[in-house]
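The structure under discussion appears below in the form of C-alpha cells.
None of the figures in this text is laboratory data; all of them are computed from the coordinates on show. Everything quoted here is computed from the prediction, not taken from an experiment. Reconstructed Cβ throughout: ideal geometry from the backbone, glycine too, with neighbour counts over all protein chains shown.
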Amino acid sequence: MPVLFTSRADGVSAAPFGGLNLGDHVGDAPGAVAANRHRLAARLRMPVQYMRQVHGTRVVVARAPASPPQADALVTDVPGLALAVMVADCAPVVFESPAAVGVAHAGRAGMADGVIDATLAAFDRLGVALHRLTVTVGPCVCAGCYEVPAELRREVERRAPGSAGSTRRGTAAIDLRAGIHHQLTAAGVTDIAIATRCTAEDPELYSYRRDGRTGRFAGVAWLGPDA
Ligand SMILES: [Zn+2]
C-alpha cells in the first residue's frame with residue numbers, strides 16, 4: 001500500500017508547465033501531458049486513474065481504469081490500479097490501509113464542504129476501520145503563504161474548525177494542514193503524517209498562487225508492490 005507525491009522532476013512539459021505536469025486542464029500541450037502521465041504509469045507499472053476535480057466532495061470507488069470521473073476523491077480495494085489527485089496548492093491527501101487506498105483533493109472549499117469526511121465514509125463502507133488507516137497530507141500551500149480576507153478565514157473556521165491561521169506578516173490565513181488534521185482526528189484517524197514542504201515556497205512543486213498559469217503534481221496511492 002505504497003504512496004508517492006510527484007514533483008516537477010523527470011517530465012517533458014515546457015515552461016510555464018516545466019517538468020512533470022500531470023494536469024490536462026491547464027493549457028499544456030496534450031502530447032506533453034500524455035507523455036508525463038505515461039512516465040508515471042511506467043514507473044508504477046500499472047494504470048493511473050485520474051479525476052475531473054471540481055473542488056467538491058464526491059467520492060468514486062474505482063475498480064478498473066476508466067475515463068476520469070467528476071470527483072474529488074477516489075478509493076479502491078483493487079490491487080494494481082493507482083489513484084491520483086492533482087494539485088497546485090490544495091492539499092493532496094492520501095489514505096492507506098492493507099485492504100484499500102484512496103486519494104482526496106482538499107483545498108479550502110473541499111475541506112470546508114467535507115471531502116475528508118466523505119472519503120472516510122467511503123472507507124467505512126468498504127469495511128476499513130478508520131483507526132487502521134494511515135493518512136498523509138501531502139505538500140500544499142502553508143498558512144504562512146495562504147493569505148485570505150479576515151471574513152473568509154472566519155467563515156472557513158466555522159465550517160472547518162482549526163483552519164484559521166496567520167501569514168508570516170500576521171494577516172489572516174487559512175491553515176489547510178491544521179484544518180484537515182483536525183477533521184481526521186475528530187473522525188478517529190490516529191496515524192497521520194503532514195508534509196512540511198510548501199508549494200508556494202518550493203520551486204520543485206507547482207503553485208497556482210505563486211505562478212498562476214502552471215502545472216499540477218499528484219499524490220498517488222495504490223495497492224500492490226512498491227514503485
Ligand atoms: Zn509557504
Disulfide-incompatible cysteines by the Cβ rule (no partner under 4.7 Å) in the chain: Cys90, Cys140, Cys145
Among His55, His25, His105: highest mean-square fluctuation, GNM of the chain, C-alpha pairs under 10 Å: His25
Taking the C-alpha atoms of the chain, convex hull volume expressed per residue in Å³: 104
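Which whole-number value in Å³ per residue fits the convex hull of the alpha carbons of the stretch 1-86? Can you show the working numbers first?
Working: hull volume 8.4 nm³, N = 86.
Measuring per residue, one finds 97 Å³ for the Cα hull of the stretch 1-86.
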For the stretch 105-186: relative contact order, % (alpha-carbon pairs under 8 angstrom, 6 or more apart): 31
Restricting the stretch 130-227 to trypsin sites (Lys or Arg not before Pro) in coil, as DSSP defines it, with at most 14 other Cβ within 10 Å: Arg168, Arg169, Arg197, Arg213
The stretch 95-113 and the stretch 128-158: distance between their alpha carbon centers, rounded to Å: 12
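Using Cβ counts within 10 Å as a stand-in for footprinting exposure, how do Thr190, Thr167 rank, fewest first?
On the way: Thr190 12, Thr167 16.
Ascending number of Cβ neighbours within 10 Å: Thr190, Thr167.
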